[in-house]
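J.: Here it is, the structure, as structure tokens.
The values are calculated or read from the model by the stated rules, or taken from the named source; none is laboratory data. Quick caveat, the model's predicted, so the values are computed rather than measured. All Cβ positions, even for glycine, are placed from backbone atoms using ideal geometry, and neighbour counts span all protein chains on display.
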Amino acid sequence: MSENPATPLLDTVNVPADLRRLAPDQLRQLADELRTEMISAVGTTGGHLGSGLGVVELTVAIHYVFNTPDDKLVWDVGHQAYPHKIITGRRDRIRTLRQGGGLSGFTKRSESEYDPFGAAHSSTSISAALGFAVASKLQGKPGKGIAVIGDGAMSAGMAYEAMNNAEQAGNRLVVILNDNDMSIAPPVGGLSAYLAKIVSSRPFLELREVARKLSRKLPEPLHVAARKTDEFARGMAMGGTLFEELGFYYVGPIDGHNLDHLIPVLENVRDAAEGPCLIHVVTQKGKGYAPAEASADKYHGVQKFDVITGEQVKAVAKAPAYQNVFGETLAKLADSDPTICAITAAMPSGTGVDKFAKAHPDRSFDVGIAEQHAVTFAAGLAAEGMRPFAAIYSTFLQRAFDQVVHDVAIQNLPVRFAIDRAGLVGADGATHAGSFDITYLATLPNMVVMAAADEAELVHMTYTAALHDSGPIAFRYPRGNGVGVPLPEVPERLEIGKGRVVREGTKVALLSLGTRLAEALKAADALEARGLSTTVADLRFAKPLDTDLIRRLMASHEVVVTVEEGAIGGLGAHVLTMASDEGLLDAGLKIRTMRLPDTFQDHDAPDKQYDEAGLNAPQIVEAVLKALRHNSAGIEEARA
């Protein structure tokens, strides 16, 4: 059965069951159409491009061979899953990617039955797929767990923890190592593909099992020698000895873009009676789209772009990006301080550490996707007199919380935490939002926590952190560009635990932490227009609090409102605790705390996210007016 080559096969595939009706010789055409559709969609919306282009053939092959969704396919991180989304019933919405109300840029359980496990942070796929595989085994279901994990994600210890525990899943667990950096792969060609097909075949596996049984009847020294000979021979031919030691049957490497190689190997593994299996496929980021092939790093994540030229549509920035301000400031400070060094966990450009690395390559460390190691590595550097800056996204630092507590805070080591992507992050949504760092850091003894209101404040805080040698210190700043204030030529060392009054008033006090300061100032203008004299303070520090300033403002204002870009338990909670401890609440003072809502907010434009969170100027004004109305009603009730 063969269709007219001019007929768009992709139009006939809504779900993988449709794909499995195609003849093998039609899959190449389908893959080409799928790649074209993905390029068009991402050109319209922006998003992750290179990684998805690299797994088009692999996506087609997996869904063709395995019985998804009964077989559970887990994509590590999930940013490469756009082709998967297109052929799993979401093609009609693919141009809503990362838009408000549209498809997530990652896999998401609530979005489709073909997304059995939500992702966005790396190195979780093998653990999750193992869970699915064992659950199917225990419940007597036929389903397998299939994890697709990149070579970069294999730098995280969690992947090996899962593999070390995988034998109990038996042949229900399949791990596909997507090696798109050629970091561990020997040359791939016809011979390696032939070997992979042979060693994954049922006859070979059955023969191998017979040989094993016979070798067990040999005297122990000969039995051990036979086992080692088998491992050594296959290791020499194909690699994979490490995976074999972890209990996996290793197959590969094979060309991840050659469907004639992929399909037979996947079928053999699907039908094998062996235990857990790892298939090593080699792919190319950006495959099939020349601009992305030529510059894989720049086309990993893209803005909207012209499909013909590859040129990305970028808004003209009115101010520098926060991460670049940090990286350039730190590099300048390091010019005169040889103890300053920078650590990032696979995000050099995202954190600005790439700027530092250009100036000081010997003091810059990219440890890969290994945040736990990054923090304890920084602690070791600090213990020996260096001044390490661990530049890690807020949402990724969560993965190393135990190390922050045990290896840094308890020992009071002066590690500097540069926390990027603080607050809401727009199109990346809940998985990347920096919602919790104020709460989880400000609760720790010995920790100092700062938040920059603008890019000039970020310069001061970077300098302050560099000079702070008495314990750990953290400073947070958001994704994106600054507000356009001039950068200081000479940075200022801030006094620890001291805020600043930006605007003086008498009736309402707005206590801001971080970049909501601009909205607090807008709110103050609106309140002044209503005749309500308003003070705006930039507290700068969530810990230690500027208790003198807060106490003074509470004593002289009728309403005090805290505003922060963080979850409950942060600045507002600490201010309320202080007020309670000092008996200030007994005086009838009206205190309101404004923070992120107790929900995981979906992706949208940042301004819309903050509107939804109730943290823009109109909501601040409404909170003040509501408090005043409540206060007036209480006074009238008391008089009556």
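J.: Does any residue of segment 451-464 turn out to be among the acidic types (D, E) and in a strand (DSSP E or B)?
T.: Scanning segment 451-464 turns up no residue that is among the acidic types (D, E) and in a strand (DSSP E or B).
J.: Only one of L532, L596 is in contact with a strand residue (DSSP E or B) (Cβ under 6 Å, 6 or more places away or on another chain) and assigned to a loop (DSSP other than H, G, I, E, B). Can you tell me which?
T.: L532
J.: Let me ask you something else. Give me a count of the residues in segment 130-150 that are buried (at least 24 other Cβ atoms within 10 Å of the Cβ), out of contact with any Phe, Trp or Tyr (no Cβ under 6 Å at 6 or more places or on another chain) and not aliphatic (A, V, I, L, M).
T.: Total meeting the criteria: 3.
J.: Could I ask something else about it? Of all residues in segment 400-429, which are at pLDDT below 95 and assigned to a helix (DSSP H, G or I)?
T.: G426, A427, D428
J.: Continuing with the same structure: Being of a type in the set (D, E, K, R) and within 31 Å of the chain's Cα centre (by Cα) is the filter; apply it to segment 470-500 and report the residue that is nearest to G350 (Cα to Cα).
T.: R479
J.: Given the residues V485, V508, which is the only one that is assigned by TED's automatic domain parsing to the domain that holds A524 and either closer than 22 Å to F401 by Cβ or β-branched (V, I, T) (or both)?
T.: On the way: V485 fails: assigned by TED's automatic domain parsing to the domain that holds A524.
Just one listed residue meets the conditions, V508.
J.: Restricting attention to segment 77-129, which residues are surrounded by 22 or more Cβ atoms within 10 Å (Cβ to Cβ), without any contact (Cβ under 8 Å) to a residue 60 or more places away in the chain and part of a helix (DSSP H, G or I)?
T.: Y82, P83, H84, K85, S125, I126, A129
J.: Something else about it: Within segment 378-398, how many residues turn out to be touching a residue at least 60 places away in the same chain (Cβ under 8 Å) and either assigned to a strand (DSSP E or B) or surrounded by fewer than 23 Cβ atoms within 10 Å (Cβ to Cβ) (or both)? Step through it out loud before you land on a result.
T.: Within segment 378-398, the first condition is being touching a residue at least 60 places away in the same chain (Cβ under 8 Å), and the residues that meet it are 387, 389, 391, 394-396.
With either assigned to a strand (DSSP E or B) or surrounded by fewer than 23 Cβ atoms within 10 Å (Cβ to Cβ) (or both) added as a condition, the list becomes 387, 389, 391.
Going through segment 378-398 one residue at a time, the tally reaches 3.
J.: Another one. From the residues in segment 36-75 that are at pLDDT 95 or above and part of a loop (DSSP other than H, G, I, E, B), which one is surrounded by the most Cβ atoms within 10 Å (Cβ to Cβ)?
T.: V55
J.: Here are some residues: A317, A346, A334. Which one is in a loop (DSSP other than H, G, I, E, B), closer than 30 Å to L458 by Cα and at pLDDT 85 or above?
T.: Checking each option against the conditions leaves just A346.
J.: Go through (1) touching a helix residue (DSSP H, G or I) at 6+ places or on another chain (Cβ under 7 Å); (2) buried (at least 21 other Cβ atoms within 10 Å of the Cβ); (3) touching a residue at least 40 places away in the same chain (Cβ under 8 Å) and name the single condition P491 misses.
T.: Among (1) touching a helix residue (DSSP H, G or I) at 6+ places or on another chain (Cβ under 7 Å); (2) buried (at least 21 other Cβ atoms within 10 Å of the Cβ); (3) touching a residue at least 40 places away in the same chain (Cβ under 8 Å), the lone unmet condition for P491 is (2).
J.: Is segment 170-182 home to any residue that is modelled with pLDDT under 85 and surrounded by fewer than 23 Cβ atoms within 10 Å (Cβ to Cβ)?
T.: Checked against the condition, which is being modelled with pLDDT under 85 and surrounded by fewer than 23 Cβ atoms within 10 Å (Cβ to Cβ), segment 170-182 yields at least one hit.
J.: Taking segment 576-606 as the region of interest, how many residues are more than 21 Å from the chain's Cα centre (by Cα), among the charged types (D, E, K, R) and closer than 26 Å to P478 by Cα?
T.: The number of residues fulfilling the criteria is 2.
J.: Do the conditions hold for R421, that is, is it buried (at least 24 other Cβ atoms within 10 Å of the Cβ) and within 15 Å of V375 (Cβ to Cβ)?
T.: So R421 fails the test.
J.: Pairs please, first residue from segment 611-640 and in the same structural domain as V561 (by TED's automatic domain parsing) and surrounded by fewer than 15 Cβ atoms within 10 Å (Cβ to Cβ), second anywhere and modelled with pLDDT of 95 or more and assigned to a helix (DSSP H, G or I), Cβ atoms under 8 Å, 6+ apart in sequence or on different chains.
T.: Partner pairs satisfying both residue conditions: D611/Q619; P618/A523; P618/A526.
J.: Report whether or not V483 is under 17 Å from T515 (Cβ atoms) and surrounded by fewer than 20 Cβ atoms within 10 Å (Cβ to Cβ).
T.: Yes, satisfied.
J.: Within segment 430-452, can you find the residues that are in contact with a Leu (Cβ under 7 Å, 6 or more places away or on another chain) and either among the β-branched types (V, I, T) or surrounded by fewer than 24 Cβ atoms within 10 Å (Cβ to Cβ) (or both)? Before you say what the answer is, go through the steps one by one.
T.: Of all residues in segment 430-452, those in contact with a Leu (Cβ under 7 Å, 6 or more places away or on another chain) come to 433, 435, 437-438, 447, 449, 451-452.
Listed by number, the residues that qualify are I438, M447, V449.
J.: Working carefully through the options G152, G145, find the one that is more than 13 Å from P276 (Cβ to Cβ), in contact (Cβ under 8 Å) with a residue 40 or more places away in the chain and in the same structural domain as G105 (by TED's automatic domain parsing).
T.: G152
J.: What number of residues within segment 303-327 are touching a residue at least 60 places away in the same chain (Cβ under 8 Å) and among the basic types (K, R)?
T.: Total meeting the criteria: 2.
The rows are residues; the columns are (1) among the small types (G, A, S); (2) out of contact with any helix residue (DSSP H, G or I) (no Cβ under 9 Å at 6 or more places or on another chain).
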| site | (1), (2) |
| --- | --- |
| P83 | no, no |
| G100 | yes, no |
| S123 | yes, no |
| F132 | no, no |
| K137 | no, no |
| I149 | no, no |
| G152 | yes, yes |
| A156 | yes, no |
| Y160 | no, no |
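J.: Another question about this same structure. Please find, within segment 247-302, the residue that is surrounded by the most Cβ atoms within 10 Å (Cβ to Cβ) out of those that are free of Cβ contacts under 8 Å to residues at least 24 places away in the same chain and of a type in the set (G, A, S).
T.: Across segment 247-302, the extreme among qualifying residues is S295.
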